[in-house]
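The values are calculated or read from the model by the stated rules, or taken from the named source; none is laboratory data. From a predicted model like this one, the values you see are computed outputs, not experimental measurements. Quick reminder, even Gly has a Cβ in these numbers, built from the backbone with ideal geometry, and neighbours come from all protein chains shown.
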Amino acid sequence: MPRRAPSDLDTTALARLLREQDGVVGRSQLVAIGASRNDLRRMLGRRELVTIHPCVYVNHSGRPTRRQREWAAVLACAPAALHRESALDAHGMTRDRPSSIPQDGPIHLLVDRHRRIVPPSGVTIERVADREKWVQANRRPPRAVFDYALLKAASERGEADAIALLSDAVHQGLTTASRLLDVIGQLPRLPRRAMLGEVLADVQAGTRSVLEQRYLRDVERAHGLPEGARQLRHDTSSGIVHRDIRYCAQRTLVELDGAFGHRDTVDRWADLQRDLDATLEDHLTLRPGWAQVMEPCRLAQVVTTVLRLRGWTGSPRACHEKCPVGVSGVPGRT
């Protein structure tokens, strides 16, 4: 019986690859560490490796994890990098909303504009001309630069979801409004570029002018709410304060919170003192932020409920045919 030739496979290198790549390895990587066709045939026959995509293998026969699916997609389409939501997860971003990526959700990849490949099932690709500029090839697995992936993901969402996504990222300390504005300046064709830039500039400057304008236009006027007095200078027991919006007859204040991310202790104490002063004067304070103003109909329902409970006898109106404000059973209908 002929003796089988000794293998040149570097088993130490294979173990390291599997460890570093969450149990996933590509055929080209196996060849690079000395694996022959017989080696691969043997490992597949023994179920030491199992095919997950053509020429990409995982070291078990069970259901691949999300991370293993990401590695498999990157290796199957190499050179490629995780992108959009897949990149955000790889960077460690979590969601304050219940919309985390499901285990079997699509894997998003970034590849060179000139590539002509058909991605495997469950993988979507985006081709860009300046791929190298936006990819961190030294990360494992390779991934798009965080700010780029974030803005690309946000640009495909509705306004409220886009702002929630940006807010989550800033809140977790993964980026800043200033950094995101710098990246937007380099993406002239980004969908929703004007809206995202407007919001981020307002957040960076701390003026709340855009937020206040949107509240006035989309919440108050669009739904027929009473017009609040704005930027009132007011003497309180703790000193002079400026109120964003005051519905005088209903003793209700709306203080718009235009910040993204963690606010420092001094700001929080100042807010607490302002709310205490308002309570002592029998005023109720509402503090909506960007996420709430970006859902104007829902916020209008809340404000309507409060104003009617505090004496407003007017009738709000729906801003469009599907708007819930003023619908029977919803606060606001007389």
(request) Quick one: count up the residues across the stretch 154-164 that are closer than 15 Å to LEU181 by Cα and surrounded by 20 or more Cβ atoms within 10 Å (Cβ to Cβ). (result) 3
(request) Return yes when GLU85 is among the charged types (D, E, K, R) and under 21 Å from LEU165 (Cα atoms) and no when it is not. (result) yes
(request) Evaluate the stretch 25-47: report whether one residue or more is in contact with a helix residue (DSSP H, G or I) (Cβ under 7 Å, 6 or more places away or on another chain), small (Gly, Ala, Ser) and not assigned by TED's automatic domain parsing to the domain that holds PRO141. (result) yes
(message) Go through the stretch 299-322 and report how many residues are assigned to a loop (DSSP other than H, G, I, E, B) and touching a helix residue (DSSP H, G or I) at 6+ places or on another chain (Cβ under 9 Å).
(response) 7
(message) Can you confirm whether VAL135 is among the β-branched types (Val, Ile, Thr), surrounded by 22 or more Cβ atoms within 10 Å (Cβ to Cβ), touching a strand residue (DSSP E or B) at 6+ places or on another chain (Cβ under 7 Å) and farther than 19 Å from GLY258 by Cβ?
(response) yes
(request) Out of the residues in the stretch 28-47 that are under 20 Å from ARG63 (Cα atoms) and of a type in the set (Lys, Arg), state the one that is surrounded by the fewest Cβ atoms within 10 Å (Cβ to Cβ). (result) ARG46
